[in-house]
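The values are calculated or read from the model by the stated rules, or taken from the named source; none is laboratory data. In this text the structure is predicted, and so the values were computed from the model without any measurement. Methodologically, a virtual Cβ is constructed for each residue, glycine included, from the backbone with ideal geometry; neighbour enumeration extends over all protein chains shown. What goes into the accessible areas is simple: the full protein's heavy atoms, side chains included, and nothing from ligands, DNA or RNA. Shrake-Rupley method; radii C 1.70, N 1.55, O 1.52, S 1.80 Å.
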Amino acid sequence: MSSTNLDPAVMEAVLVMQNQELAVRRVLKCEARPALPKGENYLSLVSRITLEVVLGNGRKSYKNFILKEVPPEEKNQKFVHNLGVFKIETEMYLRILKQMEELMDEVHETEELLWGRLIFYQPYTYLLFEDLKASGFLMTPRQSCLDLEHGHLVLHSLGRFHGMSRVLEERGIINIKDFKPYAMISDKNFIKLFFHCGLRNLSEAMHQFWEPAWHSLANKLIMPLETLQNKMLEIGKLDESRFNVVNHGDCWSNNMLFKYDWNHRPIAVRFLDFQISHYNSPCWDITYFMFTSIEPKIRRENYEHLLRTYTNSLLSTLQKYHYSGRLPTHDKIAAEMERIAFFRLTLVGPLHAIMTAEGTDAMDMEKLLSSGGSSGFGKDLYNSESYKQRMGPELLMLEKQGLL
C-alpha cells in the first residue's frame, strides 16, 4: 500500500487521538525524594519527583521528573543569587538549547540531543526537568574517573555543542553580550573560596601527610590571593579575535548521564547543569572535562588523540551547518589549551579532590561560605592514597611546565 494517498487531516486526527490517550488526566499522588546524596551538588537542591497519574485512556501510570531548587540555607542562597546561576540555566534552556534543537531539525540530524528537556520553571527559584533515568541514562560514580571510550564520546559531543553555538552566533541568534563572564575565572570570591583556600589546604596536607620530598612543591602552591585572582582574570579575558563558543561551564562526570549498549559501551551522553554557562574559548570546557573526569594516566597517554576527537567533531559540525566563518585548526586549539594551562592547577588541586572523594563530607558549602574559606573542606581530602597516586604526577608535571 502506498503512503502517498494519506490525507494530512486523517493523520492529524490520529496524532490528536494518540495524544489524548497518553495525556495525563489526573494526578493521584505526588512523592519527592533526594535525587543525589549529600555532597553531590553544591549550587542547588535536587529532588526526584514521582507522580501516580491517570492517563486519557483511563490507565494508571507513573511519571518521573527532576526538580532543581535554590538551596534552603541562607548563605547558600545569597551565593547562588550573586552568581545568577538559576537565571543562566533557565535562559540556556529557553533560548540557546531550544535554538540548537531547531538547528538539528533543519538538517534532519541523526545524532541524539545532548541535553534533557525543561518541563516547567519558576523564575528564578526552580526548574522541573524530564527524568532521563526513565530513558535509560545513568550517572557514573563520581569517585571513578572515566575511561577512554567515555572520554572520546564526551569530547565528540562537546565538539557538536560548541559548533552549534558558533553557528547560532553567526546567524545573529546568540548575542555574546547576553553572557556573564565565567564565574570560575572572573568571580574573585569564587576564586578565593574554592581555589585559593583549596590550594592552601592541599599544601598543608602535603606537609603533614606526604613524604618530605613533596614539601618543596607544596610551598609553591601557596601564593597571594591577589596573584591567583590576577592570573585567572588574565587568561580568562575574552578576546573576540579568537574562536569563541558557548561553554557548558561545569563539564565534569557528575553533570552528565550516559546510555549504554548491550555490551555496556557508552553510546550517548546528556549534559546536565548549565548553571555557569558562558561565552569564551572552547578550551575552558575541554580543559575542565579532561583534567577532572578522565582517568589521569589514560588522559596523559591519549591526550593528542582525545583532542583530535574534539577538533574533528567541531569542524564536521561547523561544516554540516554551513558555517561560513574562519575555521579553527587543530594546532590553534592545541595552542589555546596551552595558553590557559594555568587553569589546570585549580582542577588537579582543589576540584579533583572534592569531585572524587569517598563519602559525603568532601566539602560543606555552608561552612565554607560562613567561614570565608577557613573551614568547610573535608579534613582527609588531600591525604588519600588514591588522590596522591592520581594527582601526584599531575602536580609534578605542572611544576616542570613552570606553572607553579
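Among the residues making up region 261-275, those that are in a loop (DSSP other than H, G, I, E, B), open to solvent by 10 Å² or more (accessible area, probe 1.4 Å) and in contact (Cβ under 8 Å) with a residue 12 or more places away in the chain are 265, 272, 273.
Annotation: of all residues in region 121-147 being under 23 Å from residue 162 (Cα atoms) and part of a loop (DSSP other than H, G, I, E, B), the one that is least open to solvent (accessible area, probe 1.4 Å) is 137.
Out of the residues in region 135-180 that are within 19 Å of residue 89 (Cβ to Cβ) and modelled with pLDDT of 95 or more, which is nearest to the chain's Cα centre (by Cα)? Ranking the candidates gives 158 first.
For region 194-209, filtered to residues that are open to solvent by 10 Å² or more (accessible area, probe 1.4 Å) and aromatic (Phe, Trp, Tyr), the residue that is farthest from residue 43 (Cα to Cα) is 209.
Being open to solvent by less than 10 Å² (accessible area, probe 1.4 Å), among the hydrophobic types (A, V, I, L, M, F, W, C) and in contact with a Phe, Trp or Tyr (Cβ under 8 Å, 6 or more places away or on another chain) narrows it down to one residue among 176, 191, 185; which is it? Steps first, answer last, please.
Numbers: 176 fails: open to solvent by less than 10 Å² (accessible area, probe 1.4 Å); 191 fails: in contact with a Phe, Trp or Tyr (Cβ under 8 Å, 6 or more places away or on another chain).
Residue meeting the stated conditions: 185.
Please verify whether residue 310 is closer than 30 Å to residue 130 by Cα and at pLDDT 95 or above, treating the condition exactly as stated.
On the way: closer than 30 Å to residue 130 by Cα: yes; at pLDDT 95 or above: yes.
Yes, satisfied.
Having 1 or more residues that are within 30 Å of residue 158 (Cα to Cα) and open to solvent by 90 Å² or more (accessible area, probe 1.4 Å) is the bar; report the strands (runs of 3 or more DSSP E) wholly within region 1-120 that clear it. Show your work before the answer.
Working: elements: 24-34, 45-55, 60-69.
The strands (runs of 3 or more DSSP E) meeting that bar are 24-34.
Sub-7 Å Cβ pairs linking a first residue in region 283-309 that is under 10 Å from residue 155 (Cβ atoms) to a second residue that is surrounded by fewer than 20 Cβ atoms within 10 Å (Cβ to Cβ) and of a type in the set (Ser, Thr, Tyr), at least 6 apart or interchain, number zero.
With respect to residue 159, determine if the residue is open to solvent by 10 Å² or more (accessible area, probe 1.4 Å) and among the small types (Gly, Ala, Ser).
Working: open to solvent by 10 Å² or more (accessible area, probe 1.4 Å): no; among the small types (Gly, Ala, Ser): yes.
For residue 159, the condition - open to solvent by 10 Å² or more (accessible area, probe 1.4 Å) and among the small types (Gly, Ala, Ser) - is not met.
The conditions of being under 18 Å from the mean Cα position of the chain (by Cα), charged (D, E, K, R) and open to solvent by 10 Å² or more (accessible area, probe 1.4 Å) are not met by residue 285.
The number of residues in region 162-176 that are farther than 15 Å from residue 280 by Cβ and touching a residue at least 40 places away in the same chain (Cβ under 8 Å) comes to 6. For region 247-260, a tally of residues being open to solvent by less than 10 Å² (accessible area, probe 1.4 Å) and either assigned to a strand (DSSP E or B) or in contact with a Gly (Cβ under 7 Å, 6 or more places away or on another chain) (or both) returns 3.
Of the residues making up region 288-307, those that are crowded, with 22+ Cβ neighbours inside 10 Å, of a type in the set (A, V, I, L, M) and out of contact with any Lys or Arg (no Cβ under 6 Å at 6 or more places or on another chain) number 1. Looking across region 232-246, the residues that are in a helix (DSSP H, G or I) and surrounded by fewer than 19 Cβ atoms within 10 Å (Cβ to Cβ) come down to 233, 234, 235.
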